[in-house]
Amino acid sequence: MGIKIGDVSITPIIEIDYPVPASFLLPDATPENLAPDLDWLEPHFVTPGGERLKMIIQAFLVESRGLKIVVDTCVGNDKKRALPAWNELDGPFLQEIRDAGFPREQVDLVVCTHLHIDHVGWNTMKVDGEWVPTFPNARYVMARPEFEYWRDEGEANWGDVFGDSVAPVFEAGLVDLVDCNHQINPELQFFPTPGHTPGHCSIAVSSGSEEGVISGDVMHHPCQCAHPEWCSIADIDREAAIAARRSDSGITVVGTHWASPTAVQIIAHGDVWRTAV
Ligand SMILES: [Zn+2]
């Protein structure tokens with residue numbers, strides 16, 4: 001399903017799509033706690049009764065001002081990962097982006113909202129046992145504080161994410177390290193939303209009279225509109241993550257892990273928010 005914000009088109013390419021229990025990511029999002037919000041969370045975002053959270057791992061193919069831009073690159077194929085469901089995948093991602101008009105050689109920019117395991121995987125691909133850039137003619141845009149954090153910390157409990165999915169594109173000279181307010185092009189701009197990770201950035205989309213936000217992992221699931229205080233187990237700085245989730249009403253959010261329709265308007269509801277779907 002294509003998403004339009006002004007002249008910007010955003011096509012999700014879904015790599016993994018299955019509902020997860022609250023304990024997988026958002027321990028507070030139990031069926032009991034979700035009950036008051038089921039009237040708007042069902043059927044798009046939860047399974048019946050809020051038993052499980054519908055979540056997807058996807059990349060966004062963004063066309064803006066003649067540029068082909070890939071935002072976040074999923075888990076990737078052939079990566080050794082501690083989580084069995086993400087280990088050594090063999091998915092049709094490359095064929096799907098080609099079919100969508102984004103053959104990998106024609107991609108101009110790869111933009112990573114942050115450098116977690118499920119956002120950098122297709123930065124590289126395995127060729128003859130080596131990790132090489134999947135998008136050889138692209139510039140890879142990453143926030144400098146995010147890059148420096150993971151370069152120094154590593155992500156060892158998930159697998160060698162930095163080593164197999166970030167370092168090879170950096171060493172190939174393809175990475176532009178930018179600040180957290182970087183203007184990507186006239187219609188797209190980073191803005192800082194730290195908390196989930198130290199250098200996490202979301203992307204403001206502004207085209208004609210329309211505006212939206214590609215959220216990254218500021219909110220893993222729409223239930224966090226109603227409960228900004230609910231943190232994912234992967235949020236590194238919980239206080240900062242909660243602050244980053246407090247957003248303007250009326251805006252369209254393109255949620256990186258949000259199930260279809262993925263792009264939804266956020267509306268005020270008392271002191272918090274919900275989606276207009
Ligand atoms: Zn994620």
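Per-structure values
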item	result
Search result, residues across the range 240-276 that are within 16 Å of the ligand (Cβ to nearest atom) and either out of contact with any helix residue (DSSP H, G or I) (no Cβ under 8 Å at 6 or more places or on another chain) or of a type in the set (A, V, I, L, M, F, W, C) (or both)	241, 244, 253, 254, 255, 256, 257, 258, 259, 262
Top-ranked residue of the range 40-54 - restricted to ones that are crowded, with 23+ Cβ neighbours inside 10 Å and closer than 27 Å to residue 111 by Cα, ranked as farthest from the ligand (Cβ to nearest atom)	45
Test: residue in the range 208-222 that is in a strand (DSSP E or B), on the phi < 0 side of the Ramachandran plot, away from the ligand (no atom under 16 Å from the Cβ) and surrounded by fewer than 18 Cβ atoms within 10 Å (Cβ to Cβ)	yes
Of residues in the range 1-34 being of a type in the set (D, E, K, R) and either assigned to a strand (DSSP E or B) or under 19 Å from residue 72 (Cα atoms) (or both), the one nearest to the chain's Cα centre (by Cα)	15
Failed item, numbered, when residue 203 is tested on (1) touching a residue at least 40 places away in the same chain (Cβ under 8 Å); (2) assigned to a loop (DSSP other than H, G, I, E, B); (3) away from the ligand (no atom under 13 Å from the Cβ)	(2)
Some residue of the range 35-56 being aliphatic (A, V, I, L, M) and touching a Ser or Thr at 6+ places or on another chain (Cβ under 7 Å)	no
Selection within the range 232-258 - part of a loop (DSSP other than H, G, I, E, B) and touching a residue at least 60 places away in the same chain (Cβ under 8 Å)	232, 233, 234, 256, 257
Any hit, the range 82-100, residues being within 16 Å of the ligand (Cβ to nearest atom) and part of a loop (DSSP other than H, G, I, E, B)	yes
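Read-outs: derived from the displayed coordinates by stated rules, not from any lab. This one's a predicted model, so the numbers in the text were calculated from it and none came from an experiment. For neighbour counting, all protein chains shown are included, and Cβ atoms are generated from backbone atoms with ideal geometry for every residue, glycine included.
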